[in-house]
Structure formats: structure tokens, C-alpha cells
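One structure below.
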Amino acid sequence: MGNYTQAIADFNQAIRIDPNFAWAFNNRGYAYDHMGNYTQAIADYSQAIRIDPNFVAAFNNRGLAHYDMGNLNLAIADLEAALRIDPNDEVVRRNLDIARRQRRR
């Protein structure tokens, strides 16, 4: 397991330097996500998407955070948005299939 606390500090520094660095928000969100802080992770993924509305990884990650919180409809919406941007992304397609199967249960 990585040092997510240090990673968050590093991404905070990157965001202070460039507040429009979508990857820094996405990656900080990933760190929060892995620490179980899904609300903050979703906020960071959302900021990355505001900066870059075609950021497939951020849509995928936000969808997975929603999934982890049990918000399957929001998860599916984000994963579908990611596939509209890149219909050939097999990771997103697999995640969407999992979320849809879970919703049917």
C-alpha cells in the first residue's frame, strides 16, 4: 500500500502551483479513494472533470467511488459518460458491466 497521506500532500502542492492541473485532482482523488474518503475523492474527480470534460479516467474513477458508496445509478451514469468519450475503453466497459449487474440484484 502506498503512502496516500504523502501523496495527498504532494498533489496539494501541485494544485497550488497549477489549479487547472486536472491530473493532480484526479490523482489526489485516487489517494482519498484508497483511504476510504469517498466524498472527498468524488469532489476531486468532479473538479478534474470540470477542468477537462473529456477526462475518461476521472469519470471512471468517480463512477467507481460512487459504486463503492453504493450509489449505483450515479456510478453507471459516470461510467456511461466515460464510454461516450472513449467507446473503446475496455476497463470502463468492464466496470460498467459490473455496476449494471450489481444494480440488477
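Every number here is computed from the coordinates shown, using simple stated rules; none is lab data. Note that the coordinates shown come from a computational prediction; the quantities given were computed from them, not determined experimentally. Every residue, glycine as well, gets a Cβ built from its backbone with ideal geometry; the counts of neighbours run over all protein chains shown.
Side notes on the structure shown:
- Neighbour-count order for Val91, Val56, fewest beta carbons within 10 angstrom listed first: Val91, Val56
- The residue among Gln102, Asn61, Asn27 whose Cα reaches farthest toward the positive pole of the charge dipole of the chain, with charges on the beta-carbon of Lys, Arg, Asp and Glu, is Gln102.
- Within a Gaussian network of the chain (alpha carbon springs, distance under 10 Å), most fluctuating of Ala82, Ala43, Ala65: Ala43
- As a rough footprinting exposure proxy, the listed residues His34, His66 were ranked by other beta carbons within 10 Å of their own, and the order from fewest upward is His34, His66.
- Candidates Arg62, Arg28, Arg50, ranked by Gaussian network fluctuation over the chain, Cα under 10 Å, top entry: Arg50
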